Amino acid sequence: QVQLVESGGGLVQAGGSLRLSCAASGRTSKNYAMGWFRQAPGNERDFVASISYSGSTTYVADSVKGRFTISRDNAKNTVYLQMNSLKPEDTAVYYCAARGVGYATTMRSSYDYWGQGTQVTVSS
């Protein structure tokens, strides 16, 4: 089992930046790929970014490409989502996810563990 705890959400003006963190605990000796998803009210939980265990492969949704960057520090069991040039449409609850193999995907259903989410609100 892996427990995931997100932090770093908050209220920011359009054009601003936030960095989300996701700390993993529990069975972290296994190689996990990690991902970030987001869900706005009334919407599906959508893919944002993912990263392989080694960090050599990343995927980013087209809607955030060029603005968001995913990274990880395996020594700290932490994955990050740097969000720049934020827009009001980025407002959502952001969830961290882990899957029990080392290669990343964009598919929500392929992730085994989920955090509780952190709210990001971007004001216009």
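The values are calculated or read from the model by the stated rules, or taken from the named source; none is laboratory data. Since we're looking at a predicted model, the values are computed, not measured. Reconstructed Cβ throughout: ideal geometry from the backbone, glycine too, with neighbour counts over all protein chains shown. For the accessible areas, the whole protein counts, side chains as well, though only heavy atoms, and no ligand, DNA or RNA atoms are used. Shrake-Rupley method; radii C 1.70, N 1.55, O 1.52, S 1.80 Å.
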Inset, instruction - Scan segment 29-38 for residues that are open to solvent by 60 Å² or more (accessible area, probe 1.4 Å) and touching an Asp or Glu at 6+ places or on another chain (Cβ under 8 Å) and report the count. - result: 0
Inset, instruction - Tell me which of these LEU86 doesn't satisfy, since it passes every other one: (1) open to solvent by 40 Å² or more (accessible area, probe 1.4 Å); (2) not in a strand (DSSP E or B). - result: (1)
Inset, instruction - May I ask you to verify whether GLY26 is open to solvent by 20 Å² or more (accessible area, probe 1.4 Å) and touching a Leu at 6+ places or on another chain (Cβ under 6 Å)? - result: no
Inset, instruction - Return the only residue of ARG108, ARG67 being in contact (Cβ under 8 Å) with a residue 12 or more places away in the chain and either within 14 Å of GLY35 (Cα to Cα) or open to solvent by 60 Å² or more (accessible area, probe 1.4 Å) (or both). - result: ARG108
Inset, instruction - Sort through GLY55, GLY9, GLY15 and tell me the only one that's open to solvent by 50 Å² or more (accessible area, probe 1.4 Å) and over 10 Å from the mean Cα position of the chain (by Cα). - result: GLY15
Inset, instruction - Scan ALA97, ALA92 and give me the residue that is surrounded by 14 or more Cβ atoms within 10 Å (Cβ to Cβ), free of Cβ contacts under 8 Å to residues at least 60 places away in the same chain and under 13 Å from ARG45 (Cβ atoms). - result: ALA92
Legend entry - Residue match in segment 71-83 (condition: farther than 15 Å from LEU4 by Cβ, open to solvent by 30 Å² or more (accessible area, probe 1.4 Å) and part of a loop (DSSP other than H, G, I, E, B)): yes
